[in-house]
1. Hey, of (i) 0.99; (ii) 1.15; (iii) 0.96, which did the structure itself give for Rg/Rh (Cα atoms, Kirkwood Rh) when calculated?
2. How are the alpha carbon pair distances in the stretch 180-302 distributed across 5 Å bins from zero to the largest one, expressed in percent?
3. Subtract the Cα-Cα distance of Trp205 and Glu178 from 0.36 nm times their separation in residues, and report this length gain in nm to one decimal.
4. For the stretch 158-244, what size does the Cα cloud have along each of its three principal axes, sorted from largest down, in whole Å?
5. Residue farthest toward the positive end of the dipole of the chain, with Cβ of Lys/Arg at +1 and Asp/Glu at -1: which of Ala176, Pro278, Asn232?
6. What accessible surface, in Å², does a 1.4 Å probe find on Glu178, ignoring ligands, DNA and RNA and rounding to the nearest 10?
7. With the dipole of the stretch 19-95 worked out from charges on the C-beta (+1 for Lys and Arg, -1 for Asp and Glu) around the Cα centre, which of Ile37, Val62, Thr92 lies farthest toward the positive end?
8. Distance from a point 7 Å along Cα→Cβ of Glu285 to each backbone N in the stretch 193-216: keep the residues under 14 Å and list them by number.
Amino acid sequence: MALDAIGAADASRYPDPAYRALRELLAQWHGVSRERILVAGSASEFIQRVTAVGARIAPGPVAVPMHAYGDYAIAASAWGRSLVPASDPSATLRWHCDPTSPCGQDEPLSSSTEAITVLDAVYAPLRLEGTRQYGTARSTVFELHSPNKALGLTGLRGAYVVAPELTDDVTPWTAALERAAPSWPLGAHAVAMLTAWTSPQTHRWLAESKATLRRWKHSQVDMLRAAGAEVNDSVTNFFCARLRSGCTARALRDHDIAVRDASSFGLPGWVRLSVQAPEAQAALEAALRALNLGVTFTRTMP
């Protein structure tokens, strides 16, 4: 559905610079007022923007989870803001994830009400177990969404944010974030993708996809543990594992297998793996078996 919408998008015209129709659709989808919907060029673009705006409105440290996406720290550094642990009360901007990356796990939401909090919900649509966290507390945070991952369209950028209820404390933030946005942060194709995201047909497809992913995940985790890997539990279609000695990300790459080295997330010695189809799992198993036996892989050129 999303691909069809993207293919039909008219790239010869600018979108509405206020994105009124899109924001109305997203507002209805989330059951909030249109004024609470902010659009963003991508999740990473909003991470930079909210950190920059916060440096002016509420300067101070940024609290990030122990293991987290590196752009939070990169944005803080770019604006001269120090990093503190999630529990530090001095933070004036807090990051939380539902669920976390790279581990794909739930984490408690800070009880602090003093700092502006952003809940990164980019991976929430790919939750395979449990339910969304935080309940009514979600109405008190900036909730960041970027459905390109759930749609398998990561080459297309586009995100949006559901702002907290518009109190006297929040309204200056939403106004400042709007003013700090570039002109036309979303192109016609991103508008089409986000519009398709509100379609019930899209979410029926996603539900069917997640049923498949659950089956694949169980077999992939079982295979890794049989190969001697330590696998962390997760609620998503990705997880972290500590493979046997010698089975590094670089060594696997020599066997045409790409995994994410988790060192940048604060997990040296671990890798993040996405759930893959059976044929990819078989290739991973063969590579692990070869590395465990000390076999050198020689690529055959066509």
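1. Entry (i).
2. Cα pair-distance distribution for the stretch 180-302, in percent: 2, 9, 16, 17, 14, 11, 11, 9, 6, 3, 1, 0.
3. 6.4 nm
4. 54, 31, 24
5. Pro278
6. 80 Å²
7. The residue sitting most towards the positive pole is Ile37.
8. The answer is 216, whose backbone nitrogens lie closer than 14 Å to the label point.
The values are calculated or read from the model by the stated rules, or taken from the named source; none is laboratory data. Source: prediction; values computed, not measured. Cβ: placed from backbone, ideal geometry, glycine included. Neighbour counts: every protein chain shown. Remember, those area values only see protein heavy atoms, side chains included, never the ligands or the DNA or RNA. Shrake-Rupley method; radii C 1.70, N 1.55, O 1.52, S 1.80 Å.
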